[in-house]
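Everything below concerns the one structure shown next.
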Amino acid sequence: MDNPKEEPLPAKNDSTKSAENMETDKPTPEVAIFGFKAETASYKKGTEGKPDTLEFGGVDEQVTSPDGKNQAEMLKIVESNLFPEKVIIPPSELKEAKETPAQKAHAWLVWLDDKQAEISLSNPIYSAGARTMKFDIEIIGGVLHEGSLGKVELKLQDCPDNTYVCAKSTLTACNNEIGPVGTCWNWLALNCLPCHCDSDMKECVEKNPDCCDKADEPCYPSRLGPHGWERYCL
């Protein structure tokens, strides 16, 4: 989903990093792809170059869409490619090795007395048995003080724009990437997928005319997965 226009939040004070961010009274946006509640949450500031972390306990095992019509297991959400790890593309597949940066999800955290902070999330670690979830985070707006936050609700917003490799098959990819590509949440795939595959496929042809010019071998926006290039269009 292409990101909706919103009023900018107060900028983060880089001199004090996440501890003393400016407060905002902006209400939590209604645009969310899904959310979950947790019985406990604990915020810890990173040290020596390590990221800040947010750890949840008693996490909902199911996540639900804002309209309440769609539901999925939290484990399946985390195992989807909503938060892909960094991937090194083998030089054998492309002329030059390239790195796909880890994707960050945009979210709002709401806790006691409707306090809230706008954050970005990456690198989730989820334990279904223990019902715990841990993220690396960056605070964009609002204030988080180190320690326990009590009961919380996390609302994941929209889907980020992405860059994709154009691939003809699981084994064959072209050199030139496309992007940024607008993505939309797909409840069938449990993933953020390109919103407009037809136009994205045309861009693949435009940027890779010698690679994507055959009608019987169309190129699709793709990412490298455990079994080769994975098509990101349904």
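The values are calculated or read from the model by the stated rules, or taken from the named source; none is laboratory data. All of these numbers come straight from a predicted model, not from anything done at the bench. Reconstructed Cβ throughout: ideal geometry from the backbone, glycine too, with neighbour counts over all protein chains shown.
List pairs: first in the stretch 193-212 and of a type in the set (Lys, Arg), second buried (at least 19 other Cβ atoms within 10 Å of the Cβ) and not in a loop (DSSP other than H, G, I, E, B), Cβ under 8 Å, 6+ apart or cross-chain? If the second residue must be buried (at least 19 other Cβ atoms within 10 Å of the Cβ) and not in a loop (DSSP other than H, G, I, E, B), the pairs left are 207/166; 207/178.
Residues being buried (at least 21 other Cβ atoms within 10 Å of the Cβ), aromatic (Phe, Trp, Tyr) and outside the structural domain of residue 76 (by TED's automatic domain parsing) are represented in the stretch 207-226 by at least one member. Restricting attention to the stretch 140-187, the residues being in a loop (DSSP other than H, G, I, E, B), under 28 Å from residue 200 (Cβ atoms) and out of contact with any helix residue (DSSP H, G or I) (no Cβ under 6 Å at 6 or more places or on another chain) number 14.
Using the structure shown, decide if residue 125 is crowded, with 18+ Cβ neighbours inside 10 Å and not small (Gly, Ala, Ser). Break it down into steps so the answer makes sense when it comes.
Working: crowded, with 18+ Cβ neighbours inside 10 Å: no; not small (Gly, Ala, Ser): yes.
No; evaluated as a whole, the condition is false for this residue.
Here is the figure for the stretch 128-137: residues that are surrounded by fewer than 16 Cβ atoms within 10 Å (Cβ to Cβ) and in contact with a Lys or Arg (Cβ under 9 Å, 6 or more places away or on another chain) total 0.
Of all residues in the stretch 180-234, which are farther than 24 Å from residue 34 by Cβ and among the small types (Gly, Ala, Ser)? Answer for the stretch 180-234, where residues must be farther than 24 Å from residue 34 by Cβ and among the small types (Gly, Ala, Ser): 199, 215, 222, 228. Checking each residue in the stretch 181-234 for being farther than 20 Å from residue 79 by Cβ and of a type in the set (S, T, N, Q) picks out 199, 208. Would you check if residue 68 is within 15 Å of residue 145 (Cα to Cα) and surrounded by fewer than 15 Cβ atoms within 10 Å (Cβ to Cβ)? Taking the combined requirement at face value, the residue does not satisfy it.
The set of residues from the stretch 182-201 being surrounded by 15 or more Cβ atoms within 10 Å (Cβ to Cβ) and at pLDDT 90 or above comprises 194, 195, 196, 197, 200, 201. Here's a check for you: in the stretch 47-81, which residue that is in contact with a strand residue (DSSP E or B) (Cβ under 6 Å, 6 or more places away or on another chain) and assigned to a loop (DSSP other than H, G, I, E, B) is modelled with the lowest pLDDT? Among them, the one singled out is 81.
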